[in-house]
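Chemist: Sharing a structure with you now.
Please treat every number below as a calculation from the coordinates, not as lab data. Since this is a predicted model, take the numbers as computed values, not measurements. Please note: Cβ atoms are built from the backbone with ideal geometry, for glycine as well, and neighbour counts cover all protein chains shown.
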Amino acid sequence: MKVNILGSGITKFGELWDKGLLDLAYDAGSEALKDSGLKAGQIDAVIVGNMLYGKASGQDHLGALVAQKLGINTSSAHVEAACASGGVAVHQAVTGVLSGLYENVLVIGVEKMTDLSTSEIGTALMGAASEAERQSGLTFPALYALMSKSHMKKYGTTREQLASVAVKNHYHASLNPKAQYSFEISVDKVLNSSMIADPLTLFDSSPITDGAAAVVLSSSKPSDVYISASAVASDSVGLSERKNLNEISATIRASKKAFEQAGITQKEVDLLEVHDCFTIAEILAMEDLGFCKKGDGGKFIESGITKLGGNLPVNTSGGLKGCGHPVGATGVKQIIEVYEQLKGTAVNRQIKNPKIGLTQNVGGTGATVAVHILQND
């Protein structure tokens, strides 16, 4: 059985002051339904990926609320897995379709972050960290800075190599009308921007973002693009419990499962959407997914291989850095970017004749990782 992608919908990512969370979910969900050619009554389940709405609003019954907004009265659920909420929501939908329980599932990832102050958002996001990290006053920039320092010390990764991730992804975002930051930047711009947590600067970091993304997955109708693998792995929530700060082992384990499910190797992948919440995260992703040797991620990206026109384009959407990071929506947005690339509808950021794409969505510092492989016929 194939898990076909019948349609997609995505809002603009950014500071969307005129929209509430339910508005964003409705906009993306109704667009995906229209694109799929299905009616609301043909949807067997609605699965909503979201991290922060309960804390922000006091309302936790999000799956039913979104389904009600869309006029769908079948099964509904809310999935929370920190910043991997969207990817895990897709995984749950894939599982439901493959089991035969559902034929058509609407997956919506959504987040409304800009209604909270920076300090409120920072506190809410730290709900994805360990108790010890929260009590110590650590933030996610600080945690990823520790990972950056460790990688730099062991492998000689440079600040310029970190910056090259942001430069590439901003270039890709400049070609994406849905992106929050659709402009190019330079290495010097990254290096000279405000220091957030040494060595990570403002431009090494993904922004606070509003947005929603939705896909319709189905076994009932054929499609040119399908999900051939869906895998999730977990690790310790806190960095202090990890054996190695230079890898995200959940990525290694989830991708191993995914490659086995799809029956392919890294050499067959044409493009990637990976979780670049901070620039070091994309470097780690390239290594942990097996596209370059351990320690070579910085050099690999700096070489231009992962830029549009290179042999392995990565984050053609602009990634979290350029497109924006509405945490519950990111994992679904990644699926949509690869879906559009495989359909050949990515317009001015379209790569040539892609057949296989991979997405990697990370929760926290790697306590949850969802990996998906998409293919076309």
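Chemist: Points 7 angstrom from Cα along the Cβ direction at S220 and K293: gap in nanometres?
Modeler: Inter-label distance under the simple model: 5.2 nm.
Chemist: Let me ask something additional. Taking the beta-carbon count within 10 Å as an exposure proxy, list R159, R134 from fewest neighbours to most.
Modeler: R134, R159
Chemist: Shifting gears a bit: Between L98 and A40, what is the spin-label point distance in nm, taking each point 7 Å from the Cα along the Cα→C-beta axis?
Modeler: Once both label points are built, they end up 3.1 nm from each other.
Chemist: Additional query: For the range 206-231, list residues with backbone N below 11 Å from a point placed 7 Å from the Cα of D377 toward its Cβ?
Modeler: Of the residues in the range 206-231, 221-226 have backbone N under 11 Å from the label point off D377.
Chemist: Also, quick follow-up: Take the Cα pairs of the range 270-369, get the Kirkwood Rh, then feed it into Stokes-Einstein at 37 °C and 0.692 mPa s and tell me D in µm²/s. It would help to have the intermediate numbers written out before the result.
Modeler: Values: Rh = 13.5 Å.
Value of D from the Cα-based Kirkwood radius: 243 µm²/s.
Chemist: State to the nearest 20 debye the size of the charge dipole of the chain about its Cα centre, where the only charges are +1 on K and R beta carbons and -1 on D and E beta carbons. List each step's numbers first, then the result.
Modeler: Working: 33 positive and 38 negative charges, 137 e Å.
Its charge dipole is roughly 660 debye.
Chemist: Full-extension gain between S186 and K355, please, as 0.36 nm times their residue separation minus the C-alpha to C-alpha distance.
Modeler: 57.7 nm
Chemist: Still on this model: Roughly how far apart, in whole Å, are the Cα centres of the range 199-267 and the range 311-349?
Modeler: 13 Å
Chemist: Let me check the size of the range 299-341 from its C-alpha atoms; what are the radius of gyration and Dmax in Å?
Modeler: Values for the range 299-341 (Cα only, Rg and Dmax): 11.3, 32 Å.
Chemist: List the aspartates and glutamates whose Cα lies under 16 Å from the Cα of K153, skipping any in the same chain that are fewer than 8 positions away.
Modeler: Within the straight-line cut-off, K153 pairs with D198, E247, D296.
Chemist: Can you give the FRET efficiency for L202 and S234, using 1/(1 + (r/R0)^6), R0 = 45 Å, r = Cβ-Cβ distance, to the nearest 0.05?
Modeler: Result of the calculation: an efficiency of 0.90.
Chemist: Using DSSP to call loops (not H, G, I, E or B), can you name the trypsin sites (Lys or Arg not before Pro) in the range 252-336 whose Cβ has at most 16 other Cβ atoms within 10 angstrom?
Modeler: K293, K294
Chemist: Over what distance in Å are the Cα centres of the range 91-147 and the range 151-195 separated?
Modeler: 23 Å
Chemist: Could you tell me the largest-minus-smallest coordinate of the C-alpha atoms of the range 99-202 on each of the three principal axes, in descending order and whole angstroms?
Modeler: 50, 41, 33
Chemist: Another one. Give me the Kirkwood hydrodynamic radius of the chain, using the inverse of the mean 1/r over all pairs of distinct Cα atoms, in Å to one decimal.
Modeler: On the way: mean 1/r = 0.0499 Å⁻¹.
So the Kirkwood estimate lands at 20.0 Å.
Chemist: Dividing the Cα convex hull volume of the range 1-107 by residue count, how many Å³ per residue is that?
Modeler: Once divided by residue count, the hull of the range 1-107 is 101 Å³.
Chemist: Looking at this model, which pairs from K168/K299; K112/K333; K293/K333; K55/K149; K243/K307 are more than 20 angstrom apart at the alpha-carbon? If you can, show how the numbers build up before the last one.
Modeler: On the way: K168/K299 13 Å; K112/K333 15 Å; K293/K333 28 Å; K55/K149 32 Å; K243/K307 32 Å.
Result: K293/K333; K55/K149; K243/K307 exceed 20 Å.
Chemist: If you don't mind, another one. Would you kindly derive the ³J(HN,Hα) couplings of the range 60-77 from the backbone phi angles with the Karplus curve 6.51 cos²θ - 1.76 cosθ + 1.60 (θ = phi - 60°), listing them in order in whole Hz, with x for Gly and Pro?
Modeler: Calculated HN-Hα couplings, in order: 9, 8, 6, x, 5, 4, 5, 4, 4, 4, 8, x, 10, 10, 9, 4, 9, 7 Hz.
Chemist: Here's something else I'd like to know. Beyond 28 Å, what share of the Cα-Cα pairs of the range 117-262 remains, rounded to the nearest whole percent?
Modeler: 37 percent
Chemist: For the range 47-200, with the dipole built from +1 on Lys and Arg beta-carbon atoms and -1 on Asp and Glu ones, taken about the Cα centre, which of A166, S182, V79 lies farthest toward the positive end?
Modeler: Positive-end residue among those listed: A166.
Chemist: List the residues whose amide H sits under 5 Å from the amide H of E273, counting only those 5 or more places along or on another chain, with H placed 1.01 Å from N in the peptide plane.
Modeler: N315, L358, T359, Q360
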